[in-house]
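Quick notes on the structure that follows.
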Amino acid sequence: MARFLHIADIHLGFDRYNNKERTKDFYFALSDVLDRYAIQVKVDFVIICGDLFEQRMIQPAVLNQAQLCLQKVKDAGIPVLAIEGNHDNCPYGTATSWLKYLSQWGLLTLLEPDQNRDNGTVHYSHWDDASRSGGYIDLPCGVRVLGSHWYGAAAPQAIEQIAAAIAALPPGPENTLLMFHHGLEGQIARYSGALRYRELLPLKAVGVDYLALGHIHKAYSEEEWVFNPGSLEANNIEEGSFERGAYLVEFTSAGVQAELKQDYYQRTIVRLVLKTQGDESQEELVEAAIAQVNQAIASGRLVLADAPMVELRIQGTVGFDRLSLDTKQLQQQLQTLSQALIFLLKYEVEETAYQSPITDDASRDQIERNAFLDLLTGHRDYKKRAESLAQGLVDLKERQLAGQSEEALYPFIAALLDTPAEPVVEPAGELALEET
């Protein structure tokens, strides 16, 4: 029975984080996957379901990466069949793409159906090796493989047209496979325009045994005929939690057997979270962040030799001016400690906020005193002396307005700051509220 490798969303030339080593990761992932699960396994063919490249316009080095990977598969006698995704389809105003270029050079077979611009109907012609064009191909291993375009929001209508075109084809091999670059709803958050499962059913009705998807960077399958492998390499830190890889698939007498392969070159991604309580000083918060990274190293979760990508997310409240923490310096310190290729520090904290009740007829002095009191109560170092310090700030303002010199004010400020801490007494009203 036929056996093949299903990959998608390779994104060669990925340049987020502005790191050349990170860009190489996507090439190493593709190269390793093809070695392990195509050449060594000796599959009958490989399918690439869109987004071979990160961008429509690519650098020469990125084209060279694709050529090197595809050439070794060709040398092994394994055909590579592909479709364009939204990242690597024809740039606006042009009639070609880099996938078409690779197809013309015989490094892959780009399957594209014909579409009538007048009535929108789709037509499939058999692959012609001489012209390097066609919408489907019947392989000797007993599989008919069909291609498609990137349809975007028009995907539901395109599916109906594709189904009609498949139904009009002459009888072919035992198994039928369609490559389609689009995603199903419910797989990831914040993805609009996803297809509903029922919108795929016209394809199943016309005999598609394996619907090979791309586009969403997370692996998933539906009803043992719809499969999406996810991206080979995580495109960002958040995708580090996604299950993803390459499907090694076999058509058997019992049906489709698809195994998600994940044992290949991938950059290690470690995500850490530090919860603040609001009573830490800046120094204590920095120490806690360092301890979080050291704990990940000690547990083996973070391996220095891997040069991982690391994210530390600091969340909660702080009892000081949140902007006073030098996050850039802390990030550099943690990157050195973790020996990370990329270290992302997400500083997502809020300052402890208090707002004392005040009457509508309050005087300006009362309003000012309450403003001081709220600021001081929210600060970890001053909250125990908030009452006396608030009154002291009011007095300081009055002394300055009265014309006292700075020399005369210094002793007053020094005495104010030396005031011993006051016992914290909760207002009766607040206690009663908590008890209810």
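The values are calculated or read from the model by the stated rules, or taken from the named source; none is laboratory data. Being a predicted model, the structure only gives us computed values, none of them experimental. Please note: Cβ atoms are built from the backbone with ideal geometry, for glycine as well, and neighbour counts cover all protein chains shown.
Against the list (1) farther than 30 Å from E174 by Cβ; (2) hydrophobic (A, V, I, L, M, F, W, C); (3) surrounded by fewer than 17 Cβ atoms within 10 Å (Cβ to Cβ), the condition A254 fails is (1). Going by the conditions given, is G193 in the same structural domain as E174 (by TED's automatic domain parsing), modelled with pLDDT under 95 and under 23 Å from I83 (Cβ atoms)? In short, yes. Taking the condition within 17 Å of P79 (Cα to Cα), surrounded by 14 or more Cβ atoms within 10 Å (Cβ to Cβ) and touching a helix residue (DSSP H, G or I) at 6+ places or on another chain (Cβ under 8 Å), does R132 pass? It is true that R132 is within 17 Å of P79 (Cα to Cα), surrounded by 14 or more Cβ atoms within 10 Å (Cβ to Cβ) and touching a helix residue (DSSP H, G or I) at 6+ places or on another chain (Cβ under 8 Å).
Check region 172-183 and report whether any residue there is in a loop (DSSP other than H, G, I, E, B), touching an Asp or Glu at 6+ places or on another chain (Cβ under 6 Å) and assigned by TED's automatic domain parsing to the domain that holds E222. Yes: region 172-183 contains one or more residues that are in a loop (DSSP other than H, G, I, E, B), touching an Asp or Glu at 6+ places or on another chain (Cβ under 6 Å) and assigned by TED's automatic domain parsing to the domain that holds E222. Within the span defined as region 79-100, one or more residues are closer than 27 Å to I269 by Cα, among the polar types (S, T, N, Q) and touching a helix residue (DSSP H, G or I) at 6+ places or on another chain (Cβ under 8 Å). Of the residues making up region 22-75, those that are in contact with a His (Cβ under 9 Å, 6 or more places away or on another chain) and either closer than 22 Å to L111 by Cα or at pLDDT below 95 (or both) are V46, I47, I48, C49, G50, D51, L52, F53, E54, Q55, R56.
Consider region 82-135 and keep the residues that are of a type in the set (S, T, Y) and part of a loop (DSSP other than H, G, I, E, B). The one that is modelled with the lowest pLDDT is Y92. Are any of the residues in region 291-311 basic (K, R) and closer than 22 Å to N19 by Cα? Within region 291-311, not a single residue is basic (K, R) and closer than 22 Å to N19 by Cα. Is at least one residue of region 224-241 surrounded by 13 or more Cβ atoms within 10 Å (Cβ to Cβ), out of contact with any Phe, Trp or Tyr (no Cβ under 9 Å at 6 or more places or on another chain), on the phi < 0 side of the Ramachandran plot and among the acidic types (D, E)? Yes, some residue in region 224-241 is surrounded by 13 or more Cβ atoms within 10 Å (Cβ to Cβ), out of contact with any Phe, Trp or Tyr (no Cβ under 9 Å at 6 or more places or on another chain), on the phi < 0 side of the Ramachandran plot and among the acidic types (D, E). Out of K275, K261, one residue alone is crowded, with 16+ Cβ neighbours inside 10 Å and among the basic types (K, R). It is K261.
For region 322-344, state whether one or more residues are surrounded by 10 or more Cβ atoms within 10 Å (Cβ to Cβ), at pLDDT below 75 and touching a helix residue (DSSP H, G or I) at 6+ places or on another chain (Cβ under 6 Å). Looking for residues that are surrounded by 10 or more Cβ atoms within 10 Å (Cβ to Cβ), at pLDDT below 75 and touching a helix residue (DSSP H, G or I) at 6+ places or on another chain (Cβ under 6 Å), one finds none in region 322-344, hence no. Out of all the residues in region 54-81, which are under 21 Å from P113 (Cβ atoms) and either outside any loop (DSSP other than H, G, I, E, B) or among the charged types (D, E, K, R) (or both)? Of everything in region 54-81, those that are under 21 Å from P113 (Cβ atoms) and either outside any loop (DSSP other than H, G, I, E, B) or among the charged types (D, E, K, R) (or both) turn out to be R56, V80, L81.
The condition of being surrounded by fewer than 22 Cβ atoms within 10 Å (Cβ to Cβ), under 29 Å from F251 (Cβ atoms) and within 28 Å of the chain's Cα centre (by Cα) holds for only one of R16, R56, R36, that being R36. Given the options A2, A8, name the one that is surrounded by 15 or more Cβ atoms within 10 Å (Cβ to Cβ), at pLDDT 95 or above, closer than 20 Å to Q257 by Cβ and touching a Ser or Thr at 6+ places or on another chain (Cβ under 8 Å). The unique qualifying residue is A8. Tell me, please, whether a residue that is touching a strand residue (DSSP E or B) at 6+ places or on another chain (Cβ under 9 Å) and small (G, A, S) can be found in region 104-124. No, region 104-124 has no match at all. Considering K218, K204, the condition of being at pLDDT 95 or above, surrounded by 14 or more Cβ atoms within 10 Å (Cβ to Cβ) and closer than 18 Å to N86 by Cα is satisfied by K218 alone. The C-beta contact set for region 105-129 (first residue among the hydroxyl-bearing types (S, T, Y), second residue modelled with pLDDT under 90, distance under 8 angstrom, 6+ apart or interchain) comprises T121/Q115.
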